[in-house]
Amino acid sequence: MGLRINDEIPNLTVTTDHGELSLHDWIGDSWAILFSHPKDFTPVCTTEFGAVAQLADEWEKRGTKVMGISVDGVEEHKGWKADIEKTAGAPAGFPIIADEDLTVAKAFDMLPAEYVLPDGRTPADSATVRVVFIVGPDKQLKLSMTYPMTVGRNFAEVLRALDALQTSARENVATPANWTVGQDVVVPMSVSDEDAAAKYGEINKVLPYLRMAKLPE
């Protein structure tokens, strides 16, 4: 059974280019994003790691740590980071897990438990290891997205989803389709019209079960 929303992520001790790290200790009281890749020195993944590097200030503003996962070793990660930084024009200061034995990939249900990488492996042999996990300070999985090898991930959407998750957790609201910070939110069904009006000042009752409001500034 794979990880589901609100499951606690495995507290693995992992080897990274920043040394040995315990996932739960590394997350601490922060939010965290784990993003996995099938192999170092691959074209789409290089652009993705570059996008993550360029967003360093945005992750910091949101109290969020980021960590990559790849099935290659630490020395490959270090060499690959030089390429990432060259193409992105930004330092790649985040750690990358060296998941050579697939412990993380299997624990997070990215590959079958019995799977073994063949000698002379190619990215196609670990193609399913392309997932984004957003984890809360409670160490629970809040969101996951899986992409095929041919489609580069949209980290603007990852950032938007992170904003929505943090707003929902902080304000006890939901967010509608395509929501971005500053737009109206969805008032939970558990809140009465009277209580909603008292809290938000005004609500837009689109439907009896769809009520929109602006968060207090």
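Give me the angle, in degrees from 0 to 90, between the Cα long axis of helix 155-171 and the longest principal axis of the Cα atoms of the chain, rounded to the nearest 10.
It is inclined by approximately 40 degrees.
At 1.4 Å probe size, with no ligands or nucleic acids counted, give the accessible surface of Thr15 in Å², nearest ten.
Near enough 60 Å² of accessible area.
Let's test this: bin the Cα-Cα distances of the chain at 5 Å from zero up to the farthest pair and state each bin's percent.
Bins of 5 Å from zero give 1, 7, 14, 17, 18, 14, 10, 7, 5, 4, 2, 1, 0, 0 percent of pairs.
Taking the Cα atoms of region 124-217, what is the range of coordinates along each of the three principal axes, in descending order and whole Å?
Computed over the Cα atoms, the extents are 56, 27, 24 Å.
Give me the 1.4 Å probe accessible area per residue for region 126-200, excluding ligands and nucleic acids, in Å².
So region 126-200 comes to 47 Å² accessible per residue, rounded to a whole number.
For Met212, Met149, Met189, give the ranking by accessible area with the largest first, probe 1.4 Å.
Descending order: Met189, Met149, Met212.
Over region 31-97, average the accessible area per residue using a 1.4 Å probe and give it in Å², no decimals.
Heavy-atom accessible area per residue stands at 38 Å².
Quick one: among Ala197, Ala90, Ala174, which has the greatest mean-square fluctuation in a GNM of the chain with alpha-carbon springs under 10 angstrom?
Ala197
Specify the angular offset, from 0 to 90 degrees and rounded to the nearest 10, of the alpha carbon long axis of helix 43-54 from the longest principal axis of the alpha carbons in the chain.
Long axis of 43-54 versus the principal axis of the chain: about 50 degrees.
Can you show me the helix-derived [θ] at 222 nm for the chain, built from DSSP H runs with n ≥ 4 at -39,500 (n - 2.57) apiece and divided by the number of residues, rounded to the nearest 500.
-9000 deg cm²/dmol
First compute the accessible area of the chain with a 1.4 Å probe, then give the percent of it belonging to carbon and sulfur atoms.
52 percent
Using only Cα atoms, tell me the angle between helix 74-88 and the longest principal axis of the chain; keep it within 0 to 90° and round to the nearest 10.
60 degrees
What's the long-distance tail for region 1-78, i.e. % of Cα pairs beyond 21 Å?
34 percent
Among the lysines, select those whose C-alpha is under 30 Å from the C-alpha of Lys214, and discard any that sit fewer than 8 residues away in the same chain.
Lys61, Lys65, Lys139, Lys142, Lys199, Lys205
The values are calculated or read from the model by the stated rules, or taken from the named source; none is laboratory data. Owing to the predicted nature of the structure, the values given are computational and were not obtained by experimental measurement. For accessibility, only protein heavy atoms count, side chains too; no ligands or nucleic acids. Shrake-Rupley method; radii C 1.70, N 1.55, O 1.52, S 1.80 Å.
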